[in-house]
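One structure is given here, and the rest of the page talks about it.
The values are calculated or read from the model by the stated rules, or taken from the named source; none is laboratory data. Only a predicted model underlies this, so the values are computations on that prediction, with no experimental measurement involved. Positions of Cβ are backbone-derived with ideal geometry, glycine not excepted, and every protein chain shown enters the neighbour counts.
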Amino acid sequence: MGSKHRLLPWIHSVLWDLRFDSCLDAFSGSGAVAYLLKAMGKQVTACDFLNFPFQISSATIENSADTLSDDHLELLSAPNPRRGSFIEETFGGVFFTPADLRFLDTLWANIARLESPALRSLAISAAVRACVKRQPRGVFTLTGDTSKYDDGRRDLKMSLEEHFAESARAYNAAVFDNGRRNRALRTDVFGAPTDADLVYLDPPYVPRADDNCYIKRYHFLEGLSSYWTDEGTEIRFDTKARKIAKRFTPFSYRRTAVDAFDRMFRHFAGSTIVLSYSSNGFPDLDVLEALLRRYKTSVQVFERPHRYHFGTHGNVAEARASVREYLIVGE
């Protein structure tokens, strides 16, 4: 949700004309834009306040050399007498098969045996990708019997262990060295460093009917990325999906969003600012332009039509899926 993967060629065309050497992706999410910036040869810092995006950026942005060997994959799936049963006991009948859940418990028992933080981040990232591909529609709002969503796709027929091995190799192939010292940070935008030449901002949009909440859709991935040991990943057992509590962000509420954008632009006033936004977001484009002009003498808006294919069902959602995508550049 919210990934800019399909917009990367357009984003690249805008970034290519800007002068910068170091850059910050302050809401890194899937890591697609940070990875583009790394491929452009820039010195990249990728930030997110959730743990699973931080692990993805640690594996693909900060990491420039480590990969998971066949021996590593064998170690990760090997029986471990210290394996817990937390995932199997907590999510049995909620997500996946019993064998899938036992594999995740085994995997977590073995991740600590990997010799470097980069390898551990690669393993966690591969587990996250495996779970997304194995889960119908890739979201963790669907629980119990999901057979009605089985349309014969290969992803739904593979086990999590098979998906994990395939995902690990996909992440291995993504590892490269761009000759720069890149880093991944776990922090919210107001704690992010302000020394980059350019800052790329893709904050969450104020949700309609709570439909844009990352934790609502991806709570399982956030919990999995720390084996539910991080602060804030306590499970709400009163929910069928075993959710975790939403983390507050001022960008998700109309009463706080405008002030949050103003504070964010002020925070990064010393850098070129590139804001990614959409016509279905709040505040409106003219408000965002006016806020950015408080801190930047030159503000340009680049736009193009875009259609979201994720989680859109019915006529109303179909209409919301077709939007104008904006890149608002302040220099």
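The condition of being closer than 30 Å to residue 298 by Cα, in a helix (DSSP H, G or I) and either basic (Lys, Arg) or in the same structural domain as residue 101 (by TED's automatic domain parsing) (or both) holds for only one of 217, 255, that being 255. The lone criterion from (1) assigned to a helix (DSSP H, G or I); (2) under 19 Å from residue 199 (Cα atoms); (3) β-branched (Val, Ile, Thr) left unmet by residue 45 is number (1). Any chance segment 109-123 includes a residue that's under 25 Å from residue 253 (Cβ atoms), of a type outside the set (Val, Ile, Thr) and outside the structural domain of residue 3 (by TED's automatic domain parsing)? The answer is no; no qualifying residue exists.
Checking the structure you have, find out if any residue of segment 207-220 is within 17 Å of the chain's Cα centre (by Cα), within 26 Å of residue 39 (Cα to Cα) and surrounded by fewer than 21 Cβ atoms within 10 Å (Cβ to Cβ). The answer is no, given that none of the residues of segment 207-220 is within 17 Å of the chain's Cα centre (by Cα), within 26 Å of residue 39 (Cα to Cα) and surrounded by fewer than 21 Cβ atoms within 10 Å (Cβ to Cβ). Considering (1) in contact with a helix residue (DSSP H, G or I) (Cβ under 8 Å, 6 or more places away or on another chain); (2) not assigned by TED's automatic domain parsing to the domain that holds residue 32, the lone condition that residue 287 does not fulfil carries the number (2). The single condition among (1) closer than 22 Å to residue 158 by Cβ; (2) at pLDDT 95 or above; (3) surrounded by fewer than 18 Cβ atoms within 10 Å (Cβ to Cβ) that residue 126 does not satisfy is (3).
Kindly indicate the residue of segment 89-132 that is outside any helix (DSSP H, G or I) and free of Cβ contacts under 8 Å to residues at least 60 places away in the same chain and also nearest to residue 70 (Cα to Cα) among those meeting that condition. Walk me through it before giving the result.
In the first step, residues of segment 89-132 are kept if they are outside any helix (DSSP H, G or I); the result is 92-97, 112-116.
Then drop every residue that is not free of Cβ contacts under 8 Å to residues at least 60 places away in the same chain, which leaves 92-93, 112-116.
Values: 92: 29, 93: 32, 112: 17, 113: 15, 114: 13, 115: 15, 116: 16 Å.
Per the criteria, the residue is 114.
Each residue in segment 290-305 was checked for being surrounded by fewer than 17 Cβ atoms within 10 Å (Cβ to Cβ) and assigned to a helix (DSSP H, G or I), and 2 of them qualify.
Give the residue that is surrounded by the most Cβ atoms within 10 Å (Cβ to Cβ), with candidates limited to residues of segment 1-42 that are part of a helix (DSSP H, G or I) and of a type in the set (Ser, Thr, Tyr).
Ranking the qualifying residues of segment 1-42, first place goes to 35.
Using the structure shown, decide if residue 73 is surrounded by fewer than 21 Cβ atoms within 10 Å (Cβ to Cβ), touching a residue at least 24 places away in the same chain (Cβ under 8 Å) and part of a helix (DSSP H, G or I). Yes: the conditions hold for residue 73. Going by the structure shown, is residue 275 in a helix (DSSP H, G or I) and within 25 Å of residue 34 (Cβ to Cβ)? No; evaluated as a whole, the condition is false for this residue.
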